[in-house]
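S.K.: Sharing a structure here in structure tokens format.
The values are calculated or read from the model by the stated rules, or taken from the named source; none is laboratory data. Remember, it's a predicted structure, so these values are computed and weren't measured experimentally. As a convention, Cβ positions derive from the backbone with ideal geometry for all residues, glycine included, and neighbour counts pool all protein chains shown.
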Amino acid sequence: MKLLTCILFFIALSAFAQPETITRKLNNDWAEVQFDSLGPLNKMAYADTANFMHQKVYPCARCLLRPEVAEALDKAYQLAQDKGYRLVLYDCYRPYPIQYKMYEIVNNPLYVAKPGKGSNHNRGQAVDISLADENGTLLDMGSAFDEFSEVSHYAYSDISRKARRNRRRLRNIMTEAGFTPMESEWWHFDYKQRTYDTSDYVWDCY
């Protein structure tokens, strides 16, 4: 009876276990983050109107990345999970034509890359990301995502001690996974093991 109880317990536990990876390869060019109730939080800002443009510019909320970038994000996911956190995805691959629209609005290369050069988002080599606790409550980072001011700079000091600590936690997780941080945006991380061309590919919606 005790053996049967233990077996049933582990079966039930496995049903709630999170997967080892959060991404799946679509083809040789792209992989996709899988969102579910236990994994990363889907906060893809540009698939909604809750962004600095107040416009929906993505057809739907899919997070695509280059395959090796997705592998690095899987590592970040494991590191975050081991510390009791969940990843929060705000942006991943960004089709190149959308970069024009963003730069027209912000017109500041400190925060939005000039279209001529492009962003690593346009290459599928960058993520905008944050952390939440295991219940999905966003951690305080001292500013909102896409707040284009000095308060979004990683080293900005006039925020709470908790927010500074959370920024440091996020940065430690992402750098350990192989990403490079951006000083002017606490949420932006690049992965540049190799260089891709910018892409105007727009994904399908299901």
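S.K.: Being assigned to a loop (DSSP other than H, G, I, E, B) and either polar (S, T, N, Q) or in contact with a Phe, Trp or Tyr (Cβ under 8 Å, 6 or more places away or on another chain) (or both) is the filter; apply it to the range 1-28 and report the residue that is modelled with the lowest pLDDT.
M.R.: Going through the range 1-28, the residues assigned to a loop (DSSP other than H, G, I, E, B) turn out to be 1, 16-22, 26-28.
From what's left, either polar (S, T, N, Q) or in contact with a Phe, Trp or Tyr (Cβ under 8 Å, 6 or more places away or on another chain) (or both): 18, 21-22, 27-28.
On the way: Q18: 52, T21: 87, I22: 92, N27: 94, N28: 93.
Per the stated criteria, the residue is Q18.
S.K.: Hey, another quick one. Please indicate, with yes or no, whether at least one residue in the range 168-176 is assigned to a loop (DSSP other than H, G, I, E, B) and within 26 Å of K83 (Cα to Cα). Write out each step before concluding.
M.R.: Residues of the range 168-176 that are assigned to a loop (DSSP other than H, G, I, E, B), as a first pass: none.
No: zero hits.
Every residue, every condition in (1) part of a loop (DSSP other than H, G, I, E, B); (2) touching a Cys at 6+ places or on another chain (Cβ under 6 Å); (3) among the hydroxyl-bearing types (S, T, Y), yes or no:
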| residue | (1), (2), (3) |
| --- | --- |
| L89 | no, yes, no |
| G118 | yes, no, no |
| N135 | yes, no, no |
| M141 | yes, no, no |
| E147 | yes, no, no |
| Y154 | yes, no, yes |
| S157 | yes, no, yes |
| K162 | no, no, no |
| N166 | no, no, no |
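S.K.: Okay, next question. From the residues in the range 185-203 that are outside any loop (DSSP other than H, G, I, E, B) and touching a helix residue (DSSP H, G or I) at 6+ places or on another chain (Cβ under 6 Å), which one is surrounded by the fewest Cβ atoms within 10 Å (Cβ to Cβ)? First the steps, then the outcome.
M.R.: Within the range 185-203, the subset outside any loop (DSSP other than H, G, I, E, B) is 185-190.
Still in the list and also touching a helix residue (DSSP H, G or I) at 6+ places or on another chain (Cβ under 6 Å): 185-186, 189-190.
Values: E185: 20, W186: 30, F189: 27, D190: 17.
Per the criteria, the residue is D190.
S.K.: Got a sec? Which of G118, G39 is on the phi > 0 side of the Ramachandran plot and either modelled with pLDDT under 90 or not hydroxyl-bearing (S, T, Y) (or both)?
M.R.: Values: G39 fails: on the phi > 0 side of the Ramachandran plot.
Unique residue meeting the criteria: G118.
S.K.: Take the residues in the range 51-73 that are assigned to a loop (DSSP other than H, G, I, E, B) and charged (D, E, K, R); name whichever of them is surrounded by the fewest Cβ atoms within 10 Å (Cβ to Cβ). Explain how you work it out, then say what you get.
M.R.: Within the range 51-73, the first condition is being assigned to a loop (DSSP other than H, G, I, E, B), and the residues that meet it are 51-63, 66.
Going one step further and asking which of them are charged (D, E, K, R), we end up with 56, 62, 66.
Working: K56: 15, R62: 20, R66: 23.
Among those that are assigned to a loop (DSSP other than H, G, I, E, B) and charged (D, E, K, R), it is K56.
S.K.: Select from the range 149-187 the residues that are in contact with an Asp or Glu (Cβ under 6 Å, 6 or more places away or on another chain) and either hydroxyl-bearing (S, T, Y) or without any contact (Cβ under 8 Å) to a residue 12 or more places away in the chain (or both) and write down the one among them that is farthest from E71 (Cα to Cα).
M.R.: The extreme case among them is Y156.
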